[in-house]
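Below: the structure, in structure tokens.
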Amino acid sequence: MHALRKNRPLRRIVLASAATASAMVLLLSLKPHTSSGLVAGASTPTPQGSASAPASPGGAAKTVTGQTEQTRWGPVQVRVTVKDGKLTDVTAVQYPKDNPRDQEINSYALPQLRREALAAQSAEIDMVSGATYTSTGYRQSLQSALDAAGR
């Protein structure tokens, strides 16, 4: 009998084990989808488009919270402060932070998005590589806040 036609039970066992291990790695790397309303410890969202005008010397600053944008990994919401028609502060109120990977991504993405927004003075900002969904939600919420602030 030819050598290639022999039964190779050990080879099949090794291949089946490798396939099973690969499948388990793929399954464990998937992130479970959680509803924002069911997340334990989630903060109460602020009313969308809410505005307040704190007293400040030299002109009135207007603080506006943008709409909550639902992304694949969770909600993103931005609050802006506008003074004398200029964007002076941008804060991420809600963002994905359910697991260590979300926290890692947003620890570098959110400060970069904030710097971009303050430099551009608009929602026309670059996306952060590796944080595409957060960047998209951030831009959309930022635009809704700027619209509500009259910018």
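The values are calculated or read from the model by the stated rules, or taken from the named source; none is laboratory data. The structure displayed is predicted, hence computed values, not measured ones. We place every Cβ from the backbone using ideal geometry, glycine too, and count neighbours over all the protein chains shown. We work out accessible area using only protein heavy atoms, side chains counted, and drop any ligands, DNA or RNA first. Shrake-Rupley method; radii C 1.70, N 1.55, O 1.52, S 1.80 Å.
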Per residue solvent-accessible surface (Å²) - the stretch 81-151, probe of 1.4 Å = 51 Å²
message = Let me cross-check E104: its accessible surface, 1.4 Å probe, with only protein heavy atoms counted, in Å² to the nearest 10?
response = 100 Å²
ask   = Hey, what do the phi angles of the stretch 138-143 turn into as Karplus ³J(HN,Hα) couplings, whole Hz, using 6.51/-1.76/1.60 and θ = phi - 60°, x for Gly and Pro?
value = 4, 4, 5, 5, 4, 5
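Roll a 1.4 angstrom probe over the protein heavy atoms and tell me the percent of accessible area of the stretch 51-151 that is carbon or sulfur.
That fraction is 49 percent.
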message = With a 1.4 Å probe and all protein chains kept in place, how much accessible area does D147 have, in Å² rounded to the nearest 10?
response = 100 Å²
inquiry  = Going by amide H atoms built from the backbone, whose H comes under 5 Å of the H on T71, apart from near neighbours?
reply    = V76
ask   = Which value in nm describes the separation of the simple spin-label points at Y108 and A21, placed 7 Å from the Cα toward the beta carbon?
value = 2.9 nm
ask   = Each residue of the stretch 106-118 in order: what ³J(HN,Hα) in whole Hz does its phi give by Karplus 6.51 cos²θ - 1.76 cosθ + 1.60, θ = phi - 60°, with x for Gly and Pro?
value = 6, 5, 9, 6, 5, x, 5, 5, 4, 4, 4, 5, 5
